[in-house]
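The values are calculated or read from the model by the stated rules, or taken from the named source; none is laboratory data. Predicted model only: the values in this text are computed from it and were never measured. For neighbour counting, all protein chains shown are included, and Cβ atoms are generated from backbone atoms with ideal geometry for every residue, glycine included.
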Amino acid sequence: MEPVEPALFERLREAFREEFQHACEDIGIHVSERVKRIIIEEKIWYTGTLLNSITWSLIEQTAASLGVAVGTNIGYAKYQEYGTVPHFVPFHLAKILYDQAVYDWGWLKVEPGTVSTRLSKKVRKGPGGMFSITGKHQTYLTRDPTRLWLRPAPGARPVWGVVVSGRAQPFLWPGWEQSLEYCEDRLHEACERAAAHL
């Protein structure tokens with residue numbers, strides 16, 4: 001038996017690494033596109049921020065190990081994926097809920113000065129052009145109290161937020177599950193191509 005040449009061994013290692021890097025890139029693209037499709041099909045998006053934030057990147061832990069991560073850097077994505085307890089969300093903390101109420105649900109904007117005295121007492125002007133809105137358990141700050149109030153229907157009491165169900169709407173995990181077969185096939189193909197270099 002002849003000894004293995006170090007240069008040959010290094011070329012083989014590079015061939016394997018190159019094939020697996022291409023496989024990881026393909027997997028990253030495939031999984032991220034699958035996740036985006038779930039977001040669209042399940043109507044989880046409204047402004048497109050979450051949809052456009054889905055991305056992938058290669059992960060190199062050591063010189064010999066390579067992987068790929070698919071995810072998002074949007075803070076509220078984890079609440080979308082895993083859900084929360086039902087809770088009240090003021091409109092000025094979640095513009096998307098305000099926009100949905102106005103455009104999707106047909107809620108009516110309340111003109112300044114038409115909010116009842118009892119409700120308007122909850123809004124106080126503070127320093128720096130900020131307003132505070134006192135809720136049942138917390139006080140919130142906003143710069144524009146006029147866009148806060150909406151009526152669910154004509155003649156209805158104005159409200160400054162909504163209670164959300166907090167139900168989970170997973171998109172990352174299902175995207176990964178639906179991509180498993182592709183991932184296995186692509187990694188197997190990378191092994192075969194790398195083995196062909198031998």
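Remarks
- Qualifying residue in the stretch 58-74 (condition: exposed (fewer than 14 other Cβ atoms within 10 Å of the Cβ), in contact with a helix residue (DSSP H, G or I) (Cβ under 8 Å, 6 or more places away or on another chain) and of a type outside the set (A, V, I, L, M)): yes
- Residues satisfying the criterion are present in the stretch 57-73 (criterion: outside the structural domain of Val123 (by TED's automatic domain parsing) and under 18 Å from Ala168 (Cβ atoms)).
- The requirement of being closer than 30 Å to His92 by Cα, of a type in the set (D, E, K, R), in contact with a Leu (Cβ under 6 Å, 6 or more places away or on another chain) and touching a residue at least 24 places away in the same chain (Cβ under 8 Å) is not satisfied by Arg167.
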